[in-house]
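The values are calculated or read from the model by the stated rules, or taken from the named source; none is laboratory data. Because the structure is predicted, anything quoted here is derived from the model rather than measured. Backbone-built Cβ (ideal geometry, glycine too); neighbour counts: all protein chains shown.
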């Protein structure tokens with residue numbers, strides 16, 4: 001079983017990440033947050049050569065990566081993943097996925113039916129947030145910023161529709 005983890009980010013300033021960062025720091029008083037960044041994660045699983053699949057996805061479609069506005073990178077596994085660039089502070093990564101992954105199901109149907117990639121058996125979609133924290137931030141600060149259940153001052157994962165995992 002092969003796996004391809006495609007991370008996609010905007011080349012231009014990300015207004016969604018900027019708005020979330022402003023809400024977390026200014027409105028929810030998370031002073032330990034220095035910067036917030038966002039990438040989309042597309043995880044492809046099945047019987048395929050990852051290099052060939054990536055080439056087909058980049059050559060035949062702009063569904064996942066639009067060259068004029070996106071940059072992309074591949075990671076072998078999500079365990080031990082590093083932020084895409086270094087900043088001041090410590091970078092903590094959080095993967096947020098939908099409980100009902102409609103984007104992943106649609107992408108799977110697109111790959112199989114439109115692109116003819118029958119070796120792709122599953123596609124998952126998620127958002128990878130990188131929270132850059134002050135060096136002296138408490139260890140539970142990330143969970144407090146992400147989780148908005150139980151009257152917490154979190155923002156990045158809606159417990160009614162999403163789940164999150166700190167990587």
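On the given criteria, is residue 163 within 30 Å of residue 56 (Cα to Cα), in a strand (DSSP E or B) and in contact (Cβ under 8 Å) with a residue 40 or more places away in the chain?
no
Can you find a residue in region 101-109 that is surrounded by fewer than 17 Cβ atoms within 10 Å (Cβ to Cβ), in contact (Cβ under 8 Å) with a residue 40 or more places away in the chain and over 18 Å from residue 16 (Cβ atoms)?
Checked region 101-109: no residue is surrounded by fewer than 17 Cβ atoms within 10 Å (Cβ to Cβ), in contact (Cβ under 8 Å) with a residue 40 or more places away in the chain and over 18 Å from residue 16 (Cβ atoms).
Is at least one residue of region 111-125 buried (at least 18 other Cβ atoms within 10 Å of the Cβ), over 13 Å from residue 3 (Cα atoms), in contact with a helix residue (DSSP H, G or I) (Cβ under 6 Å, 6 or more places away or on another chain) and at pLDDT 95 or above?
Within region 111-125, one or more residues are buried (at least 18 other Cβ atoms within 10 Å of the Cβ), over 13 Å from residue 3 (Cα atoms), in contact with a helix residue (DSSP H, G or I) (Cβ under 6 Å, 6 or more places away or on another chain) and at pLDDT 95 or above.
Could you list, ordered by first residue, the pairs with Cβ atoms under 6 Å in which the first is in region 50-71 and at pLDDT 90 or above and the second is loosely packed, with under 14 Cβ neighbours inside 10 Å, at least 6 apart or interchain?
Within 6 Å, the pairs are 69/11; 71/11.
Filter region 1-23 for residues that are modelled with pLDDT of 95 or more, touching a strand residue (DSSP E or B) at 6+ places or on another chain (Cβ under 7 Å) and more than 20 Å from residue 67 (Cβ to Cβ) and give the result.
16, 17, 20, 21
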